[in-house]
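Quick notes on the structure that follows.
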Amino acid sequence: MLTKRLIACFDIINSMVTKAVQFQDNIKVAPAEELAETVYKNQIDELIFYDVTASNEKRGIDIETVKKVAGRVFVPFTVGGGIKTLDDMYSALKAGAEKISIDSMAVRNPRIIKEGAEAFGSQCIVLSTQVKKTPAMKSGYEVYIDGARIATGMDALEWLKQGQELGAGEICLNSIDKDGTLSGYDIELMTMADNILSVPLIASGGAGKPEHLLELFTKTDSQAAIISSMLYSPRLERNYTVSELKEYLLNSGINMRPCII
């Protein structure tokens, strides 16, 4: 049985971690490198860093902040936002990232998935996708890009299948409807994605309490869960530590890497 993973996700604006609800009304939380070090010491399994305004602002990823974060953490570290070329991927990997997340640019130029997988290995390429419920779509979900600002007219499941075929080694699937709401993951969406994917699925959007993680891992085959709000959202009455979440899940029968005291 594969070990489930908990992943801290940082939405970065001007080197600061921010927290939003459905990609709006971002609140500043802390400098990226400081919060990264905190969750690393708390024994998070992985970290994902998104420069969330890079694509919309038509600029490259914030390499200096990537370097600062990479210098503080020693767990798998994925970065995304503003990745347009193989040179951009190489720069991010050279700065300390272990994986590259591509989202908007992959929709505009799907070949970048294949090119990245061939150049750096499929294990380095994470296809991140933001989707929203849209009844007109075959699956009921539509792909959005540029920080969930632009609808593409693309069916979510068809896009995930294409991304996997092109060489993405992992899929990070975020529900825009659930994002930041603290109401739980979109189980229906994750189940449909599970059924068509053979690569690991990272579920994102909606976690607000430990029970949401348990529901995800017992009702779907998702290999990992994004838990950003639970760790540091100022909108929560209380935040959870990684050790609290892992202890709860381990006691509930979920196979995870335990925290070392």
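For this structure, a couple of remarks:
- Taking every C-alpha pair closer than 8 Å and separated by at least 6 residues, the mean separation divided by the residue count of the range 11-115 gives a relative contact order of 23 percent.
- Nitroxide proxy distance, nm - points 7 Å out along Cα→Cβ at residue 236 and residue 198: 3.6 nm
- Only DSSP H runs of four or more residues enter the estimate; each adds -39500 (n - 2.57), and after division by the residues of the chain the mean residue ellipticity at 222 nm equals -9500 deg cm²/dmol.
- Accessible area (Å², per residue) of the chain, counting only protein heavy atoms and a probe of 1.4 Å: 42 Å²
- Pairwise FRET efficiency - residue 91 versus residue 218, Cβ, R0 = 30 Å, nearest 0.05: 0.15
- Directionally averaged projected area (the range 111-261, Cα convex hull): 10.0 nm².
- In the chain, the C-alpha radius of gyration followed by the widest Cα-Cα span (Dmax) gives 16.7, 50 angstrom.
- Portion, in percent, of the accessible area of the range 1-129 that falls on carbon or sulfur, probe 1.4 Å: 50 percent
- Top of 216, 160, 86 by mean-square fluctuation, Gaussian network on the chain, Cα under 10 Å: 86
- Highest-fluctuation residue, 223, 130, 162 considered, GNM on the chain with Cα pairs under 10 Å: 162
- Note on residue 34 and residue 183: the extension gain reaches 50.9 nm, defined as 0.36 nm multiplied by sequence separation minus the Cα-Cα distance.
- Candidates 110, 121, 55 compared by Cα position along the dipole of the chain: farthest toward the positive end lies 55, with charges placed on Cβ.
- Tensor-based shape of the range 45-127 (alpha-carbon gyration tensor, a/c under 1.5 rounded, otherwise prolate or oblate): oblate
- For the pair residue 151 and residue 261, a Förster radius of 51 Å applied to the C-beta separation gives a FRET efficiency near 0.60, rounded to the nearest 0.05.
- Rolling a 1.4 Å probe over the protein chains gives residue 98 an accessible area of about 100 Å².
- Percent RCO, i.e. relative contact order, over the range 102-167, from Cα pairs under 8 Å lying at least 6 residues apart: 29 percent
- Restraint check, 67/114; 41/99; 99/161; 67/133; 67/138, Cα-Cα greater than 30 Å: 67/133; 67/138
- Of the beta bridges in the chain, as assigned by DSSP with both residues counted there, near 30 percent are antiparallel.
- Mean Cα-pair separation over length for the chain, i.e. relative contact order, pairs under 8 Å, 6 or more apart, %: 18 percent
The values are calculated or read from the model by the stated rules, or taken from the named source; none is laboratory data. As the structure is a computational prediction, the values presented were derived from the model and not from experiment. Don't worry about glycine lacking a Cβ; one is built from the backbone with ideal geometry, like all the others, and counts go over all protein chains shown. Surface areas here come from the heavy atoms of the whole protein model, side chains and all, with no ligands, DNA or RNA. Shrake-Rupley method; radii C 1.70, N 1.55, O 1.52, S 1.80 Å.
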